[in-house]
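The values are calculated or read from the model by the stated rules, or taken from the named source; none is laboratory data. Source: prediction; values computed, not measured. Virtual Cβ from ideal backbone geometry, glycine too; neighbours counted across all protein chains shown. All accessible areas refer to the heavy atoms of the entire protein, side chains included, with ligands and DNA or RNA removed. Shrake-Rupley method; radii C 1.70, N 1.55, O 1.52, S 1.80 Å.
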4 protein chains.
Amino acid sequence: MIKAGIIGGAGYTAGELTRILVNHPQVALDFIYSTSSAGKPVYAIHQDLVGETEITFSSKVNTNVDVVFLCLGHGNSKKFLEETEFSKSTKIIDLSTDFRKTEPSHSFIYGLPELNRRKIESAEFIANPGCFATAINLALLPLAYAGLLKEDVHVNAVTGATGAGTSFSGFTHFAWRDNNFSSYKAFEHQHLSEIGQSVLQLQENFDHKINFIPNRGNFSRGIHCTTYTSFEGELEDAVGIYKMFYANAAFTHVVEEELHLKQVVNTNKCLVRVQKFDDKILITTVLDNLLKGASGQAVQNMNLMFGLEESTGLKLKANYF
Amino acid sequence: MIKAGIIGGAGYTAGELTRILVNHPQVALDFIYSTSSAGKPVYAIHQDLVGETEITFSSKVNTNVDVVFLCLGHGNSKKFLEETEFSKSTKIIDLSTDFRKTEPSHSFIYGLPELNRRKIESAEFIANPGCFATAINLALLPLAYAGLLKEDVHVNAVTGATGAGTSFSGFTHFAWRDNNFSSYKAFEHQHLSEIGQSVLQLQENFDHKINFIPNRGNFSRGIHCTTYTSFEGELEDAVGIYKMFYANAAFTHVVEEELHLKQVVNTNKCLVRVQKFDDKILITTVLDNLLKGASGQAVQNMNLMFGLEESTGLKLKANYF
Amino acid sequence: MIKAGIIGGAGYTAGELTRILVNHPQVALDFIYSTSSAGKPVYAIHQDLVGETEITFSSKVNTNVDVVFLCLGHGNSKKFLEETEFSKSTKIIDLSTDFRKTEPSHSFIYGLPELNRRKIESAEFIANPGCFATAINLALLPLAYAGLLKEDVHVNAVTGATGAGTSFSGFTHFAWRDNNFSSYKAFEHQHLSEIGQSVLQLQENFDHKINFIPNRGNFSRGIHCTTYTSFEGELEDAVGIYKMFYANAAFTHVVEEELHLKQVVNTNKCLVRVQKFDDKILITTVLDNLLKGASGQAVQNMNLMFGLEESTGLKLKANYF
Amino acid sequence: MIKAGIIGGAGYTAGELTRILVNHPQVALDFIYSTSSAGKPVYAIHQDLVGETEITFSSKVNTNVDVVFLCLGHGNSKKFLEETEFSKSTKIIDLSTDFRKTEPSHSFIYGLPELNRRKIESAEFIANPGCFATAINLALLPLAYAGLLKEDVHVNAVTGATGAGTSFSGFTHFAWRDNNFSSYKAFEHQHLSEIGQSVLQLQENFDHKINFIPNRGNFSRGIHCTTYTSFEGELEDAVGIYKMFYANAAFTHVVEEELHLKQVVNTNKCLVRVQKFDDKILITTVLDNLLKGASGQAVQNMNLMFGLEESTGLKLKANYF
């Protein structure tokens, strides 16, 4: 059994990780570290876990676990690792933005299995991708791999309220968000840099703009994303490129029918649809921001790092309705 | 024109009052007092008012207006009136609980027009009823008036997220409340005392329990309320009692078809349906908690106090969808 | 009083028209024609109208009214007018697509007041614009007027469930749509032709593409629309162009703060925000698809045609929550 | 491996069964019979199953499977079994109402494990309980077992849109149900007879009324139910009775904190909270109408019938948000 720890246990991603790991057949959840909730049973915060586990939040970190997941606010993972020394053999999976940019100063691998499976399998440190970044990368990487990104890219995506984290703000108040819709950070979302980095990894000569408008939807989970750019070939060519690129992907599937968000909510899947209109290719991607966009992908990375079947513990029943 | 002021302008009830009063043909909105937002345009907080009014929040109270609405937190109206002396001719309509209990220490009239129209017409001070209290009183008062409340009463009602006010709590976070449902304060809701007081006003010998379970629904506006008790007569008798009692009500209507909440959302109406099952009478009432349950009723009271047509400024288009 | 009739009274747009006209101070609602509901009180279908009006659906058309609104399915208005001869003095406002394309074969004026106010004032026949078309036109027309549409335009918009009409489909089932999101008719929406026609009316040399992706949101009312294209000037230039173009608009307002959909739901307003990012201009527009996008705009057109103040009967209280 | 078949594969309960069974480690899904969808892949209807299974709907029934689940409309199971002869060794689990009433004419066992575990373990035919019936029975049975139901019982419960099935009606249209709430079938819901039967099984002398008001909520999945009656003992006595009764229940847990619906959505759990107010006991129960209220409980019954660990294949990750 893999001994696992979670740092920062009270947030959404830690909750999702816990939900997955309590049923993961190869994992023993060793501790969930939370300073704010230490001593409380985990189900006091993640209340659906009543009857599933009696584990309590811990004020201590076991630095000898096999794997540790960092579920800390952006900027805090780096700090935490400077202050805490884990055993040499402890693998680290960080869910924050802190190490997503590949740099000489660290050896974290960007944990998008569809892009970096081999590297992940032998990695010690993983920077788990952002939710929007995953949705957009999975739309663009097959084209980049084929060297076919030749003009500006136009992306519009909508995320649910859990995308904003557990903290309160005007944008997360039910009376505001119910039946509402709004845009934010147009052209300036922080995930653009990790998207650009991934695209360039596959298509070095890409020098066009990725125009991205994120939106706040009135639902709780999920990202729906439409991406288009110019494309000269036929639809079948495009579909062929995508099907080949994702042929071995455990959770990313190319479909030919109309998509909707709830096909993937509460699963680790990303569905991809490719369409052609005149000289344009339109790629629609849907995923669950907390799973394939965060904690599910983190466990997928863990599975790869420990040589397990990639989908172990991740065959999740969709909520669907 | 009636010169009106609002005290405590940033909350939900003040927002609704402002929405109504900017279009009220007999009212000039003199000031909206808010310490937290003084100097800002009202549409900076109540953002739908862009294009409707240029009024700004004021840090000063004009004590010579014709009518002032107190939209303060429960307990704060009393304090505010101790510290602020209005002109003798200023009528006061308080939306808090502070003066709802009729007591020798004050001369506020309980502002439920269906119960106290005459007294309201000549009142100087009005204690505006609570939202649940209005829904339950309008279900029970015709029976009380007929002296027919003879056993325990069973009430179950659900309210929207605006019922909890603008402040943040776990219960108002979208990710929690979306697609959720829960009960709270069963048998102990603070509105029970104003309901009991109103029932006793019409049926002195009532000495049974009103069992009330409030619920939090995953919508923003409205109260749906079912009330039942024993009733020996025929359905037509019951319907007759209700139709007579509400014959002159401007906003409370007895209907014979199935009811649903959105018939009244964004209106000042209360719809009442009466049914009979064996020895029981079931009364369903629906209203908008912010209008007939708060600010709409406050304006209805103002209209009565100033001798206006009761529905002036309150013929509101339902949102319906 | 203007005597008005409605043809096709059971759908959403007829319901909204009725809600507005029963409170319009200058209109007497003469008849609401519905073959499917003839004889029933209007509130049997539009159930929020209980207590507002006792009018019943009629199986007869009065061809001598002052104005008639056609709320028929697309394709049916033309047929209806071939079979029904109205008085010469009857003005006709058609809410379908049948006459939106300006052609020698008919004399309907495209009823977008921000574009055609003068023509509308003297028109006998109005083709009321589509909801998406209104949102997109109001984003583009100031730029077109200034001759500044110089490259392709990128539009992404989301509409509520009422946009799909009252008929049942998989996409309108609550269990499907709740907490869901999806795209449809990408690059091929039927409103593109009326948008193109309006843009060309103001900027004859426009020969670029308008790339439009419509989406289905999990709310009932409203359209949120983001539109961007290249723009060389400064932000102030852009804002100036929009403010000037809408200086006299009764319901379209340029705002400088972040927008959200519920600012306009249940009102006849369109709010417009203009932003600049590098070489791009981003225009966000929000409106209620059933009001400014349909029935509200129809009444606005009627007001103009009869020489009334443009906002008569249209000062609607926003639902907001 | 248990060979399983599903009859009537296009509805909600068949979809949920399929979602569970494709991941059940002891089940091989042999066929899903659907006349309306024969030949189509299952994911053409249950669209979240893309990437999970390639099984297609079948027009043929294999009468030699180990277990068959009947997911037919009420009234149709009986007919189907008259026309179809299964192997002697085929166990049948019927999700309709057809055999829930225990009668000499059939040998179906009422499949509520908390009530009939022993009988289920040796049963050949199971009548799977209704969703409301499960929520109310799990609230009442501990008291009935202790012989403490001494007065009328008052129940109010709300169900989601999936409770109404996949067919279209005014009540399932998104534009109607969104942000809405309504009651129906007050005091007359068809589940009352199975509830009464279960209570009498444990407390023969029960002769009081169960007053039940069902409601339609604006969410998709789940039942929230409050039940109260008189109770003379102390709170600890009550809690003790419930904890003892459910001590061995795999999915029904007594909790002492405030409950909300989403703790159980997309799980097979029922959470039960017991409170005391004066002379009354209040029991709150929450469950997922499609899982513990239908398909999850059906698989739980199957597990018991085949001697498997009761929770096999049913450790489902809650959706929670």
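So the values come out like this:
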{"quantity": "Residue among C:114, C:54 that is in contact with a helix residue (DSSP H, G or I) (Cβ under 9 Å, 6 or more places away or on another chain) and outside any loop (DSSP other than H, G, I, E, B)", "calculated": "C:114"}
{"quantity": "Qualifying residue in region D:94-103 (condition: closer than 18 Å to residue D:3 by Cα, surrounded by 22 or more Cβ atoms within 10 Å (Cβ to Cβ) and outside the structural domain of residue D:248 (by TED's automatic domain parsing))", "calculated": "yes"}
{"quantity": "Any hit, region D:17-28, residues being under 21 Å from residue D:109 (Cα atoms), not small (Gly, Ala, Ser) and not in a loop (DSSP other than H, G, I, E, B)", "calculated": "yes"}
{"quantity": "Residue among B:60, B:119, B:101, B:88 that alone is in a helix (DSSP H, G or I) and basic (Lys, Arg)", "calculated": "B:119"}
{"quantity": "Residue check, residue A:14 in the same structural domain as residue A:74 (by TED's automatic domain parsing), more than 21 Å from residue D:313 (Cβ to Cβ) and buried (at least 20 other Cβ atoms within 10 Å of the Cβ)", "calculated": "yes"}
{"quantity": "Residue D:133, sole failed condition from (1) away from chain C (no Cβ under 14 Å); (2) out of contact with any Phe, Trp or Tyr (no Cβ under 6 Å at 6 or more places or on another chain); (3) assigned to a loop (DSSP other than H, G, I, E, B)", "calculated": "(3)"}
{"quantity": "Selection count where residues are under 22 Å from residue D:266 (Cα atoms), more than 7 Å from every other protein chain (Cβ to nearest Cβ) and modelled with pLDDT under 95, scope region D:136-183", "calculated": "5"}
{"quantity": "Count - residues of region A:48-93 that are open to solvent by less than 30 Å² (accessible area, probe 1.4 Å) and of a type outside the set (S, T, N, Q)", "calculated": "14"}
{"quantity": "Selection within region C:258-283 - in contact with a Leu (Cβ under 9 Å, 6 or more places away or on another chain), closer than 20 Å to residue C:243 by Cα and either among the hydrophobic types (A, V, I, L, M, F, W, C) or assigned by TED's automatic domain parsing to the domain that holds residue C:117 (or both)", "calculated": "C:259, C:264, C:270, C:271, C:272, C:274, C:281, C:283"}
{"quantity": "Odd one out for residue D:121, checked against (1) in contact (Cβ under 8 Å) with a residue 24 or more places away in the chain; (2) under 17 Å from residue D:304 (Cβ atoms); (3) crowded, with 18+ Cβ neighbours inside 10 Å", "calculated": "(3)"}
{"quantity": "Residues located in region B:72-101, provided they are modelled with pLDDT of 95 or more and within 17 Å of the chain's Cα centre (by Cα)", "calculated": "B:72, B:77, B:92, B:93, B:94, B:95, B:96, B:97, B:98, B:99, B:100, B:101"}
{"quantity": "Verdict on residue C:266 being open to solvent by less than 10 Å² (accessible area, probe 1.4 Å), under 25 Å from residue A:155 (Cβ atoms) and either at pLDDT 95 or above or facing chain A (nearest Cβ under 10 Å) (or both)", "calculated": "no"}
{"quantity": "When residues of region D:200-258 are limited to those that are facing another protein chain (nearest Cβ under 9 Å) and of a type in the set (Lys, Arg), the one farthest from residue B:213 (Cα to Cα)", "calculated": "D:221"}
{"quantity": "Complete set of residues in region A:269-296 that are among the β-branched types (Val, Ile, Thr) and either at the interface with another protein chain (Cβ under 7 Å from one of its Cβ atoms) or open to solvent by 30 Å² or more (accessible area, probe 1.4 Å) (or both)", "calculated": "A:284"}
